[in-house]
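To start, the structure itself, in structure tokens.
The values are calculated or read from the model by the stated rules, or taken from the named source; none is laboratory data. Being a predicted model, the structure only gives us computed values, none of them experimental. FYI the Cβ positions are ideal-geometry reconstructions off the backbone, even for glycines, and counts take in every protein chain you see.
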Amino acid sequence: MNRVATANSYSTVLTDLMRAQVRQQDASNQVSSGKIASDLKGFSRQAETLLATRSIQTKVDGFLAEGQTLTSKLESQALALTQTADAAQGARQAIAEALATGHGDALMSEMSSWFSSASDSLNARFGGRYLFAGGQVDTQPVTATSLADLTTQPTVASFFKNDALVPTNRLDESTTIQSGFLADQLGSGLFTAFRQVQDFVDVNGAFTGKLTTAQETFLQGMLASFDTARTDLTGAAARNGLTQNRVDKTMETQGARKTMLEGMVGGMTDVDMADAISRLQQAQTAVEASAQVFNTLSQSSLLALLK
């Protein structure tokens with residue numbers, strides 16, 4: 001007499017079916033996500049390397065973000081420095097034209113305009129913060145608003161409220177640069193020249209009509225002062241340009257690092273799509289076969305034989 005036992009067969013077929021379904025689900029997840037796994041457990045031996053690489057990626061992304069902000073800041077700084085140097089040149093040109101024509105009727109009006117331009121430029125902001133205020137980014141670094149203000153205080157230094165903290169930025173793990181300037185360092189020479197002009201007017205009277213010999217002598221002496229101020233400001237603008245070039249090169253280097261790291265991470269996490277699709281098809285076939293065997297077995301019960 002033959003014995004009919006299905007328990008072991010059911011167990012074996014059911015286990016095979018469940019394994020096939022797990023393989024199908026894994027392959028399906030890889031095909032849909034393009035990744036080998038969704039957590040570190042799925043990367044086994046490469047998990048530690050992956051963590052270290054992603055840590056470096058985070059640092060590089062931070063350097064790139066800071067570099068982009070710094071690039072924009074340096075562009076704003078370049079504009080402010082150029083405008084301040086232009087103010088020095090404009091004031092010098094106004095004096096030269098007054099000497100050339102022998103008349104100074106419009107001189108103080110032009111000087112006042114150029115001083116306001118210089119003052120506004122040194123009070124330039126970026127992201128709501130004053131560029132040349134040092135660490136006191138919320139404090140206006142230049143308080144003089146008109147040319148006449150310059151003779152109301154004992155010294156030009158009284159009109160500068162920045163501190164001595166020169167702005168710095170980190171470009172990478174080992175490189176830090178000075179990226180900013182201070183208002184008093186930039187404007188002291190120029191403001192001193194403007195103050196001398198205003199002080200002369202306060203003592204000797206305004207430039208009206210034909211220039212006197214004393215006025216001509218004074219103005220000729222002022223040309224060198226404004227030339228020096230313009231040269232110093234142009235030098236600051238040039239240094240800012242060098243910093244811009246250095247930041248640009250560092251950004252290129254960090255961009256290359258980012259691409260390399262993305263490739264490394266991709267090599268560890270990205271799935272071979274052709275292989276994943278092949279395994280998915282195989283798993284689907286295995287599920288169908290296991291399901292068919294299970295269905296056949298379910299119809300081969302003792303009850304069916306007794307009937």
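Whenever a residue of the range 84-111 is closer than 13 Å to residue 224 by Cα, its partners that are of a type in the set (Asp, Glu) and loosely packed, with under 15 Cβ neighbours inside 10 Å, lying with C-beta atoms within less than 8 angstrom and at least six residues away or across chains, give the pairs 92/227. For the range 144-189, the candidate set comprises residues that are of a type in the set (Gly, Ala, Ser) and surrounded by fewer than 16 Cβ atoms within 10 Å (Cβ to Cβ); within that set, the residue that is nearest to the chain's Cα centre (by Cα) is 174.
Among the residues of the range 55-86, those that are of a type outside the set (S, T, N, Q) and closer than 30 Å to residue 191 by Cα comprise 70, 73, 74, 75, 78, 79, 80, 81, 85, 86.
Being within 21 Å of the chain's Cα centre (by Cα), modelled with pLDDT of 95 or more and charged (D, E, K, R) is a property that holds for residue 125. Looking across 209, 180, 221, 241, one residue alone is in contact with a Pro (Cβ under 7 Å, 6 or more places away or on another chain) and in the same structural domain as residue 114 (by TED's automatic domain parsing). It is 180. Residues in the range 227-236 include none that are part of a loop (DSSP other than H, G, I, E, B) and touching a residue at least 60 places away in the same chain (Cβ under 8 Å).
Does at least one position in the range 90-98 carry a residue that is assigned by TED's automatic domain parsing to the domain that holds residue 74, part of a helix (DSSP H, G or I) and of a type in the set (Lys, Arg)? Yes: the range 90-98 contains one or more residues that are assigned by TED's automatic domain parsing to the domain that holds residue 74, part of a helix (DSSP H, G or I) and of a type in the set (Lys, Arg). Quick one: would you say residue 226 is in contact with a Lys or Arg (Cβ under 6 Å, 6 or more places away or on another chain) and among the hydrophobic types (A, V, I, L, M, F, W, C)? When the stated conditions are applied, residue 226 passes them.
As a summary of the residue check, residue 255 satisfies the conditions (1) at pLDDT 95 or above; (2) surrounded by fewer than 15 Cβ atoms within 10 Å (Cβ to Cβ) except for the one numbered (1).
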